[in-house]
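Okay, so here's the structure we're looking at.
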Amino acid sequence: MTDPQIEGPTPEAVKPQSEASLPGASKGYSRLPTAPVPVARTNRDPDAEGFAAAWTPDADPTPVDDARLAPWALFAAIVALATSMFVGWGIPVAVVAVVAAVMSLRRPIENREVATWALVLGLCATLFSAGWLIWATMQFETLG
């Protein structure tokens, strides 16, 4: 394999004699209006007082996660358990309570005791509601 060779320009490519004008500009302009802007350097000491007063990492407010899921899961589990004592239609609330309890157990900021109670009561409510629905289904079979 040979190295490629660079040839000179063809005779058709002729350099213009005068300076080329910018497209769309009047004939008086010779350079683009977006020339680099000079930047002045400052020789400030970063350890000097007042240098970092505008921003420091400790002064930056970090967002605090105040949303707690475990109390809501416990509330939903109690409502689902109370509902499941009488009818089986509390099963959607019980499932929501179980899912919320599992999610709150996975978060490090949650109260684990409240989340554990929500999980246990939610599972009990799910079982009671399922028992009611199974019993109602068996009653419909004997009627029909």
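Any read-out appearing in this document is the output of simple, stated calculations on the displayed coordinates, not a laboratory observation. Fair warning: this is a prediction, and the values are worked out from it, not measured in the lab. All Cβ positions, even for glycine, are placed from backbone atoms using ideal geometry, and neighbour counts span all protein chains on display.
Extension gain for the segment THR116 to THR10, taken as residue separation times 0.36 nm less the Cα-Cα distance, is 29.8 nm to one decimal.
In terms of packing, defined here as the mean over residues of other Cβ atoms within 10 angstrom, the peptides 74-87, 125-138 line up highest first as 74-87, 125-138.
Computed extension gain for PHE86 through LEU133, at 0.36 nm per residue and net of the alpha carbon distance, reaches 15.8 nm.
Label point of VAL95 set 7 angstrom out along Cα-Cβ; within the range 111-126, amide nitrogens under 14 Å from it belong to 123, 126.
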